[in-house]
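J.: Have a look at this one before I ask anything.
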Amino acid sequence: MTTTEAARRCGELEVHGEFDLAAAARFLTGFAPAGQPEAEPGALRVAFPLEGDGTPVGAVLRQRSPGTVTVEVHGPPGHTEAVVAQVRRMCSLDLDGSAFPEAGARDPVVSLLQAIHPGLRPVLFASPYEAACWAVLSHRIWMTQAVRLRRRLTERFGAEVDVGGTRLRTFPAPAALAKMEYLPGLAGPKLPRLRAIAEAAAEGMLDAAALRAMPAEEALKQLQLLPGIGRFSAELVLIRGAGHPDVFPRGETRLHEIMRDAYHLPDAEAAELAEIAQAWAPFRSWVSFLFRVEGEARMRESR
């Protein structure tokens, strides 16, 4: 590849507000559903099926300065802009985070979280489709079992991409998953549900931009029309798949437990916690993410 071609295959993300790529890489490395290897210091490597046509692509992200992230694109020519756009959403860089500290100014508990995790924004699944598949895979089984299933699925039906010298496998594209007939360990109704989600994605029903353009409750209702997707899973898809920044997860009991402990409200119901979260707008999803990250960190420390 010539220097000109290499330059054309790179993109640049302008960062508005605080962002730490190293913190995002550390999170993704430890996030079991992502299945990512240890990151190169100062870089984040990802591989995924491109939203829309399912082309297997990859990218290397590097942060040269606080306000700029470069994206080195790996995949067929002509997909650079689409890859950069998808990576931008995956790292929550498609939003201006300049006002995020204001949520901390209104809530001292949030201010402490932001101080503990400076520059950490939600790190998303590559697409709502992939988030929906994870919701089905992980339903009513242990996390370790779900991770094994995802790995098996990726090994059998995903594609391998050379991402700057590191070979990574993508999650299966919708077209590949829609044809799946068998996967060892995948019991009960999960296989037809995964195929139905793949078909819905191929038909454009899991488009991230379209889901975010809807009122949140309308998007959640639409997602719950998919087989195997209830309120909890719909929130996962909308928040961690489409990247909606301002949804409080009413179905996420683990988050509620963490909040009760943080606010010293052992008997608080979800409605009361949702009222507290109103002070976080328009970043309720972002603050909820920080609570989960901190909760998981404390759980690991207590083991």
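J.: With a cut-off of at most 14 other beta carbons within 10 Å, and DSSP calling the residue loop, which GluC sites (Glu not before Pro) in the range 103-194 qualify? Please list them. Walk me through the numbers before you get to the answer.
T.: Numbers: sites: Glu130, Glu155, Glu160, Glu181; in loops: Glu181.
For GluC sites (Glu not before Pro) across the range 103-194 that sit outside H, G, I, E and B with at most 14 neighbouring Cβ atoms in 10 Å, the list reads Glu181.
J.: Mind checking the range 246-299 for GluC sites (Glu not before Pro) that DSSP puts in a loop (not H, G, I, E or B) and that have at most 11 other Cβ atoms within 10 Å? Could you put the intermediate results ahead of the total?
T.: Details: sites: Glu252, Glu257, Glu269, Glu272, Glu275, Glu294, Glu296; in loops: Glu252, Glu269.
Within the range 246-299, the qualifying GluC sites (Glu not before Pro) (loop, at most 11 other Cβ atoms within 10 Å) are Glu269.
J.: Here's a follow-up. Suppose only helical runs count, i.e. DSSP H with n ≥ 4. What mean residue ellipticity at 222 nm does that imply for the chain under -39500 (n - 2.57) per run, divided by all residues and rounded to the nearest 500 deg cm²/dmol?
T.: Values: 15 runs with 143 residues, N = 303.
Only helices count here, giving -13500 deg cm²/dmol.
J.: Loop-only check: which trypsin sites (Lys or Arg not before Pro) in the range 111-177 are DSSP coil with at most 11 other Cβ within 10 angstrom? Write down the numbers at each step before the final one.
T.: Values: sites: Arg140, Arg148, Arg150, Arg151, Arg152, Arg156, Arg167, Arg169; in loops: Arg140.
For trypsin sites (Lys or Arg not before Pro) across the range 111-177 that sit outside H, G, I, E and B with at most 11 neighbouring Cβ atoms in 10 Å, the list reads Arg140.
J.: Compute the distance from the alpha-carbon center of the range 232-252 to that of the range 36-90, in whole Å.
T.: 23 Å
J.: What's the longest uninterrupted piece of the chain once you rule out the chymotrypsin sites (Phe, Trp or Tyr not before Pro) that are loop residues per DSSP with at most 11 other Cβ within 10 Å?
T.: Working: sites that count: Trp142, Tyr182.
Counting at most 11 other Cβ atoms within 10 Å as exposed, the longest clean stretch of the chain is 1-141.
Throughout, read-outs are computed from the coordinates displayed, never taken from laboratory work. Here the structure is a predicted model, which is why all the values come from computation and not from measurement. Every residue, glycine as well, gets a Cβ built from its backbone with ideal geometry; the counts of neighbours run over all protein chains shown.
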